[in-house]
Amino acid sequence: MHDVVIVGAGPVGLFLACELGLAGCSVLVLEREPEARSPWRAHPLGMRGLSAASVEAFYRRGMLAPLLAASGVHGDPGAGADADEPPRPRSVGHFAGMMLDPAKVEVAALPFRLPSPAQEGVMTSLETVEAVLSERAATLGVEVRRGVTVSALTQDDERVVLRAGAHEYAARWAVGCDGGRSAVRGLAGFDFVGTEPQFTGYTALVTIDDPGKLSTGFNLTPTGMYIRMPAEGHIGMMEFDGGAYDRSRQPTRDHLQTVLRRVSGTDVTLSEVHLASSFTDRAKQTTTYRKGRVLLAGDAAHIHSPLGGQGLNTGIGDAMNLGWKLAATSHGHAPEGLLDTYTRERHPIGAWVLDWTRAQAAVMRPDPHAQAVQGLIRDLFATRDGTTYAFGRISGSSIRYDLGDERPLVGRNAPDLRLEDGTRLGDLMRDGRGVALDLSAGRRLRGSALGWGSRVRYAAGQARNDLGLGAVLVRPDGVVAWAGDREPDRDAFERAAGRWFGSPAS
Ligand SMILES: Cc1cc2nc3c(=O)[nH]c(=O)nc-3n(C[C@H](O)[C@H](O)[C@H](O)COP(=O)(O)OP(=O)(O)OC[C@H]3O[C@@H](n4cnc5c(N)ncnc54)[C@H](O)[C@@H]3O)c2cc1C
């Protein structure tokens, strides 16, 4: 019997498998597809944007260099990381096809930002992300079994049993990372609620006879949106048909051409369709991410349109949040209620992402009311405050979990604090443990922090830029659990360490 069975070897399932493997759990991943390779996951159709927050998750586990190399990003990932001030972001992204200008981001207004090797988002592909994670998972002893479709599930107080064909797989915990049409979600009886679609979207690889009739990039039009991607023949479209298109049908050349003509307002001609699929802006989320011994992460827990490229990033955030909590629970040293903080912290983020995509669909609608709001949004995003707000949302840098502590850093992603000897917080997090970083003159936390043994790594030194802090306790997912001033309070530290890491090791 494994500690954890994960259903789905997509990016979220694999990221979670690595987190659990790193923490010493026995992990089995069951994946329906016999082969990892698929044109839907490779460039160009599988192209995905990872946010700076997701890239940072790879950095914190020592996977930044392989990720960048495999994604074709060349140059020194650490370039700029030694600067005194963090650089201005190079790109912000878009809202409903309206591109945001990075020059308008008010860097000084971004909370607790320090230079780091993982400052920017990266364009990559699902195939690349999965390859990097699969390699890592293998080194951590994770077993991935392909060609296994999970179709039944039962659970009791002790274990979960999953069935695929004639085979049974038992584990103490199961996590459904099996995507938007999750079988685990239905089998375990999760409620999945939300809103029905307003549009049908298409992504396709086609041959266009007269590509010059289409503008490149995102094109918001009075009837919807079309996207002419950088790769020749790669297009996206969204048409406000109320989600009426029958998605069980493969989109034909005639249909795609008709839709493209309608949304682009041109008489463009498609001579061939190589690959095509459809999606909608149906936005739904499970009401909880846990039912007994079964949990959900990624698209299995939340679906929405790809507008703004948030799904994968939200899923990686789920996996980072869940991994260490489930591992501690499985090992039996988690404090009471730790696992339930997963839903408490991540459900509001998922709900926000659904709303962010709904807001985009609302301003794209082909009606005068929506177009009026669109004008207003354009005006707001033309301001520094508007763009900075959007950057905080899109990049994930404005995320703050409510941990019941009013100090503004607590609950946020930890800045990449750097000690005088060059060690960075990110380097200290590679083994997936919590970090007590003691920046105080008298190493005030040393005696206390060592009490948590291998669960919390203690590191001390003078910081290049301490942001006014004397110490921080950082959870394995990079979230600040506690922050102390230049004379940190030992009792307060011990209370926080106990809250997140359980009783001190005996
Ligand atoms: C056109 C488009 C563009 C996008 N662009 C972006 C972007 O730029 N940025 C971003 O963050 N997100 C983007 N997304 C969303 C992103 O692709 C998804 O959110 C992400 O792939 C979800 O990962 P996942 O691991 O949760 O699910 P999936 O990638 O769907 O993986 C689920 C896995 O589970 C397996 N599985 C399913 N059922 C079973 C079963 N019963 N038994 C065993 N295995 C099973 C599947 O085969 C699959 O391998 C985009 C989506 C689309 C459609």
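The values are calculated or read from the model by the stated rules, or taken from the named source; none is laboratory data. As the structure is a prediction and not an experimental result, all values here were calculated from the model. In this analysis, Cβ positions are derived from the backbone assuming ideal geometry, glycine residues included, and neighbour counts consider all displayed protein chains.
Quick look at the numbers
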quantity: Selected residue [near the ligand (Cβ under 10 Å from one of its atoms), surrounded by fewer than 24 Cβ atoms within 10 Å (Cβ to Cβ) and modelled with pLDDT under 95] from Gly309, Gly392; calculated: Gly309
quantity: Hey, Pro230 within 16 Å of the ligand (Cβ to nearest atom), crowded, with 17+ Cβ neighbours inside 10 Å and either under 26 Å from the mean Cα position of the chain (by Cα) or not assigned by TED's automatic domain parsing to the domain that holds Ser182 (or both) or not; calculated: no
quantity: Residues that are assigned to a strand (DSSP E or B) and within 16 Å of the ligand (Cβ to nearest atom), drawn from the stretch 182-212; calculated: Phe192, Gly194, Thr200, Gly201, Tyr202, Thr203, Ala204, Leu205, Val206
quantity: Any hit, the stretch 91-106, residues being among the hydrophobic types (A, V, I, L, M, F, W, C), over 30 Å from Leu380 (Cα atoms) and not assigned by TED's automatic domain parsing to the domain that holds Gly323; calculated: no
quantity: Single condition Cys18 does not satisfy, out of (1) within 11 Å of the ligand (Cβ to nearest atom); (2) under 16 Å from the mean Cα position of the chain (by Cα); (3) not aliphatic (A, V, I, L, M); calculated: (1)
quantity: Test: residue in the stretch 233-253 that is among the β-branched types (Val, Ile, Thr) and either within 14 Å of the ligand (Cβ to nearest atom) or closer than 22 Å to Pro11 by Cα (or both); calculated: yes
quantity: In the stretch 35-72, residue nearest to the chain's Cα centre (by Cα) [restricted to those that are aromatic (Phe, Trp, Tyr) and within 14 Å of the ligand (Cβ to nearest atom)]; calculated: Phe58
quantity: Yes/no for Val92 being of a type in the set (A, V, I, L, M), away from the ligand (no atom under 11 Å from the Cβ), surrounded by fewer than 17 Cβ atoms within 10 Å (Cβ to Cβ) and at pLDDT below 95; calculated: no
quantity: Unmet criterion (only one of (1) of a type outside the set (Val, Ile, Thr); (2) within 15 Å of the chain's Cα centre (by Cα); (3) within 13 Å of the ligand (Cβ to nearest atom)) for Arg32; calculated: (2)
quantity: Number of the condition not met by Leu275 [criteria: (1) modelled with pLDDT of 95 or more; (2) in the same structural domain as Gly21 (by TED's automatic domain parsing); (3) among the aliphatic types (A, V, I, L, M)]; calculated: (2)
quantity: Failed item, numbered, when Gly180 is tested on (1) modelled with pLDDT under 95; (2) under 30 Å from Leu20 (Cβ atoms); (3) not hydrophobic (A, V, I, L, M, F, W, C); calculated: (1)
quantity: Hits in the stretch 257-283 (condition: out of contact with any helix residue (DSSP H, G or I) (no Cβ under 7 Å at 6 or more places or on another chain) and within 13 Å of the ligand (Cβ to nearest atom)); calculated: Leu275, Ser277, Ser278, Phe279, Thr280, Arg282
quantity: Matching strands (runs of 3 or more DSSP E) fully within the stretch 119-171 where at least 2 residues are within 23 Å of the chain's Cα centre (by Cα) and surrounded by 22 or more Cβ atoms within 10 Å (Cβ to Cβ); calculated: 122-125
